[in-house]
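S.K.: Sharing a structure here in structure tokens format.
Here, each number is a calculation from the coordinates, and none is a lab measurement. These figures come from a predicted structure and were not determined experimentally. For neighbour counting, all protein chains shown are included, and Cβ atoms are generated from backbone atoms with ideal geometry for every residue, glycine included.
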Amino acid sequence: MTRERQTRKKPRTASNDVSRKAASGEASPGRTTVRKATGRQMTSGRKSEKALEKETSRQAKGGKTVSRKSRFGKTASRSVSSSSSRSVSRAEGFVDARRLHSEDVVKKTLDENVGVLGVATRPKVLDFDARLKERKKAGTRVAAIRVLIVILAAALVSALIWLLLFSSVFRLETSQISVSGGNEWVSEKDVLDIANQQSGKSLFMVSADKVSSQLKNIPGVTQANVVKRYPRSLEIDIKAQQPAAMLKEPDGTLVAVDRKARVLNAVGKASMKGIPVIEVSSVDNGLNSRAVKEALTILGGLPDTMRTVITKVSAKTQDSITTELSSGKYVVVWGDSSELKLKSAIVDKLLSDPSLIGDKHQIDVSAPSRPIIK
């Protein structure tokens with residue numbers, strides 16, 4: 001067995017020794033010589049390369065093209081163009097960043113006025129006096145335009161005011177005033193006298209409310225409606241009442257008055273039928289008497305059906321107003337003018353139902369909650 005193991009062992013050769021030396025880090029004398037030679041070649045190649053670079057840079061200024069061989073036997077070309085100032089070095093597909101041309105894009109953009117990179121820039125103004133004059137002219141022009149606009153606006157407003165207020169287009173004329181609704185106790189002339197005060201004015205300056213209030217001050221006028229019809233006409237519609245009573249003086253003189261104790265002026269031969277009569281010592285005294293004023297208030301508040309049958313009114317005191325109906329057939333004691341609607345409703349109910357009043361002739365409603373029939 002021992003012999004077989006010894007015979008199986010490989011023979012020790014020189015190649016095996018070399019392999020072991022290589023693994024253990026030992027180098028042979030021949031390999032050391034090769035490495036030294038290779039290092040010298042690389043150093044000399046670098047020096048020659050630097051020399052060629054200097055030569056290339058000198059020739060690049062004149063716009064020439066230089067061809068050289070690298071240490072590996074391959075050809076690299078370098079082309080330099082003086083017009084574009086660009087330099088590119090290629091060797092085995094490797095580009096040296098140190099040899100690339102740096103380009104200031106911002107400066108180039110500002111320098112160019114046209115093209116893709118160009119921007120629209122305003123030239124610098126060096127003449128400050130000219131610029132100041134230009135600004136003054138612009139300010140003067142703007143001010144002139146504003147003044148012109150103000151003048152035109154003022155002229156337009158003035159023309160509009162003249163057209164609406166002072167021209168004849170909207171001027172009210174006397175012939176364009178119409179009156180309706182009067183009666184024999186309210187004269188149309190009295191109405192026109194008030195309306196004609198607005199004649200000659202622009203219809204825009206005529207106050208319908210003011211005219212209406214003035215017309216209501218006419219004795220007998222209870223309502224006045226004034227309507228402006230453009231461009232220059234005025235329509236007046238009044239509601240006139242009958243006199244509330246006739247004041248009779250001892251000598252037989254009769255004066256018509258309304259419920260506010262205002263004297264009515266009869267137009268022509270006015271009918272006095274159905275108008276109550278109040279006997280007074282004089283018209284002036286009657287108009288100033290509180291008893292007469294209270295009687296006129298009562299008469300003015302009664303319905304027409306009842307007022308037309310009143311033939312006589314007695315007003316000795318302000319709380320003892322008495323009226324005679326149907327020529328003295330019935331006598332109604334009103335007292336004062338308080339609760340007049342309730343009092344008139346009670347009297348109307350009693351007079352319309354004969355079974356309630358019977359043969360009685362006097363109705364006292366001075367206390368409407370307890371009417372008395374005598």
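S.K.: Using Cβ contacts closer than 10 Å as the measure, can you line up W334, W162, W185 from fewest to most?
M.R.: Working: W334 27, W162 10, W185 21.
Neighbour counts put them in this order, fewest first: W162, W185, W334.
S.K.: Counting only other residues whose beta carbon sits under 14 Å from that of L164, what net charge do I get with K and R as +1, D and E as -1? Don't skip to the end; give the middle numbers.
M.R.: Values: positive: R171, K201, K228, R232; negative: none.
Result for the neighbourhood of L164: +4.
S.K.: Quick one: work out the % antiparallel among DSSP beta bridges in segment 245-373, nearest 5. Each step should come with its number before you reach the end.
M.R.: Values: 17 of 24 bridges.
That works out to approximately 70 percent antiparallel.
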